[in-house]
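The values are calculated or read from the model by the stated rules, or taken from the named source; none is laboratory data. Everything numeric in this text was worked out from a predicted model, so none of it was measured. Note that each Cβ is placed from the backbone with ideal geometry, even for glycine, and that neighbours are counted across all protein chains shown.
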Amino acid sequence: MPTLPNGSVEVEHVWKKFRSDKAQPFFYDQLARLGRQAKSRNATGYRWVLKDVNFKVEPGESMALIGINGSGKTTLLKILSQVTYQSAGKCTVQGRIGALLSVTSGLHPDLNGRENVFLYGAVLGMSREDIRRKFDTIVEFAELTDAIDRQVKFYSMGMQMRLGFSIAAFLEPDVLLVDEVLAVGDANFQQKCLQRIGEIVRDGTTLLYVSHDLASVEASCQRAVWLSDAVVRAAGPTSEVVTMYRTAIEQNSTVLTTKEGVVQVLKADLRATDGGQLRSECETEVRLVLKSPEKAMASFFVGISQGTAFPMFVIDYTGTMPEGDFEVVCKLGYLPLPKGHYSLWTAITGFPKGKKDPYLPWQPVVSFEAFGPERMDPPEGVMAMTPVYVGAEWQIG
Amino acid sequence: MTSLSIDPPDRGRKLIVTDLSSIPAEPSDDILYTHKVPFLTSLRTLWDHREIMYTLAERDYRVQYKQAALGFAWAVLTPVMTLVIFVAVFSHFKGSINTGGVPFPLYFFVGILCWSFFAGTLGNGGSSLLSNKALLAKTQFPRECFPLETMLVQALNNVVSWVPLVLLFIYYGRTPQPETVWVPLFMLIEIVFTAGITLAISSMIIQMRDLQQVLPIIISLGIFATPVIWPFVSIPAHYHLFGGAYVHGHWIGGVSVNLQAVYGFINPLGPVINGVRETMLLGHNPTWLPLTTAFIGAGCYLYFGYRTFKRLEVNFADIA
């Protein structure tokens, strides 16, 4: 039953600092710290995990917070849900908050599933009456009808997570804060969760969603905020922010290429066979110029990814690798990519004599732009991670 | 006024890239956050969340004896065992402990019951924030629910523990005196005092774990500092400070102080235990002065304990 959305979030100049040394200081640690401070005036003893964060989530909107580990996403959610408090600035949340910061932390192993539904539901802010009313729906959603009277310590991890998520999924708050909890259960259940989140948003709940799983972010959020090193780097429509974020990750990951493999990449290139622009569906050539220390049998891998180490597809070939400089040409009959920014990853497996490192570890070698039609979006609430099949012809020498 | 649109207008549709150089190194002083929760506001919030407290208490109550073969019988057995030890040890000092004609076991048991509620709550509630770390860092509701919830559990256990008291009354062929009607008032004093101490200790333990080691020692010694074994009346009601004249072994005139009242202010449990004994066992009227100071003392403990808790709660999730 869609209602008029009335939950909103406003974050104004929020700062948060953590003590650098999070351990409880012993007496002698304190002494040591005083000593250090006496020596250098600017020894701070704390670090900022959020710096001047500003954004606004309008009623009924779904917003994602993305960023690498330790960028401050979870801390921000904790501040919004008043689990912890900001060091400076102001957070205004209108409406009833439901915060799902962890799926299983509210469950008690010694209680059975039924008791846990009531316990966790209450802890998350549902009234007993509410829980009683929604009990069957929750259990059914969690697919735990048979196990509900079993102690939770005898549940598998997946079952516990399903139970935890299902309780939160029926909270019906005005503002729902969700932290990285979709790694729940198997693929089918994940899909169900995403659909449920879509439903919640359609019903008018304001969603603030933290994840570094970009596919699920794209599937469920209209807008995104990219946090990096405690600051907001960009905010706006999900697709644009995600693209920026991906580009930044690639720039960082190219550092990997300096890692000493035994095979050196001298040149890497990707072009349309007809010499034109790289575009969707065109015949494409991948050219690598490599330098090998020895002649050996090896497997070559080439893959294309978008801002992660996980390729959308990989093609491989096993053959003889010559000694010295040589060229690898891999001809793809068909470039199965929509418009976008991608990177080419490569690896050569097999081990040089007497060494533990492979010939070439999996690493990005070049990034490129593909032209063509925009990506077609999957239905709402569905993650687009379709495997792609690509036939290829290889040439080495 | 135009109606709310579900689809927000163009706002936020554009990509905004932060100019990193515009971010200052430190926040300006005027936006620093200070954690101030007015006393009454926090009480009201707590009241709104009472259901969570009940649920947590239910959880702990269920879990407590879940895998114990004797189950809830332990709520009775624990104080009875303490009583047996006390009687075995202290019956040697029968002559030196003036119980006013009340049988020893009955006299002790009343003290043990009052004491065990306090000790149990402080012991479990003191470390409740630590034992609920997972919830503390992930869910949002008033943090005082944790220590107070353990008090609820202890109260339930305590009620069960009164069963053997009934049996003792029957065994000695005595009945509780009509003055027993005052006992709920004494219990209220005890609850207020216990809540205050437990709130303060639990919030301090999280910052200073050393307390967690010391606490059991303090609790086990505290039983001797409280009139559980010895009678409260052995504290002088008129303790002479100075002045006056010493006649026939007594001071006449001068300035004296009622140490019972002073003791009651510092440790409200003293007058409470004494009050229960006076009324329920002996049928006397309560001695009001120490009880009054005990009530004021307990109120102070609660007020300042709760204040401490609210002040320290800013850091709970960060350092738990």
Go through the stretch A:222-241 and give me each residue that's of a type outside the set (D, E, K, R) and within 18 Å of A:Gly72 (Cβ to Cβ).
A:Ala224, A:Val225, A:Trp226, A:Leu227, A:Ser228, A:Ala230, A:Val231, A:Val232, A:Ala234, A:Ala235, A:Val241
A:Asp149 passes all but one of (1) in contact with a strand residue (DSSP E or B) (Cβ under 8 Å, 6 or more places away or on another chain); (2) within 11 Å of chain B (Cβ to nearest Cβ); which number fails?
(2)
Answer yes if at least one residue in the stretch A:49-69 is more than 7 Å from chain B (Cβ to nearest Cβ) and out of contact with any strand residue (DSSP E or B) (no Cβ under 8 Å at 6 or more places or on another chain), and no otherwise.
yes
Are there strands (runs of 3 or more DSSP E) fully within the stretch A:193-286 with at least 2 residues that are modelled with pLDDT under 85, more than 10 Å from chain B (Cβ to nearest Cβ) and over 22 Å from A:Asn6 (Cα atoms)? List them.
A:264-272
From the list B:Lys36, B:Lys14, pick out the single residue that is of a type in the set (D, E, K, R), more than 8 Å from chain A (Cβ to nearest Cβ), more than 30 Å from A:Tyr120 (Cβ to Cβ) and not in a helix (DSSP H, G or I).
B:Lys36
Taking the stretch A:296-309, which residues are surrounded by fewer than 16 Cβ atoms within 10 Å (Cβ to Cβ) and at pLDDT below 85?
A:Ala309
Which is away from chain A (no Cβ under 14 Å), under 30 Å from A:Leu80 (Cα atoms) and part of a helix (DSSP H, G or I), of B:Gly125, B:Gly95?
B:Gly125
How do the pairs read when you match residues in the stretch B:281-309 that are in contact (Cβ under 8 Å) with a residue 24 or more places away in the chain and among the basic types (Lys, Arg) with residues anywhere that are surrounded by fewer than 20 Cβ atoms within 10 Å (Cβ to Cβ) and assigned to a helix (DSSP H, G or I), using Cβ under 8 Å and keeping only pairs 6 or more apart or on different chains?
B:Arg307/B:Phe39
Given the criterion of a type in the set (A, V, I, L, M, F, W, C), out of contact with any Lys or Arg (no Cβ under 8 Å at 6 or more places or on another chain), at pLDDT below 65 and over 30 Å from A:Leu214 (Cβ atoms), identify the matching residue among A:Ala32, A:Ala38, A:Ala23.
A:Ala23
Filter the stretch A:85-117 down to residues that are surrounded by 21 or more Cβ atoms within 10 Å (Cβ to Cβ), part of a loop (DSSP other than H, G, I, E, B), of a type outside the set (Val, Ile, Thr) and more than 7 Å from chain B (Cβ to nearest Cβ), then give me how many there are.
1
State which residue is nearest to the chain's Cα centre (by Cα) when the search covers only the stretch B:77-95 and only residues that are within 16 Å of B:Leu106 (Cβ to Cβ) and surrounded by 14 or more Cβ atoms within 10 Å (Cβ to Cβ).
B:Pro79
So B:Thr308, is it farther than 30 Å from A:Leu77 by Cβ, β-branched (Val, Ile, Thr) and part of a helix (DSSP H, G or I):
no
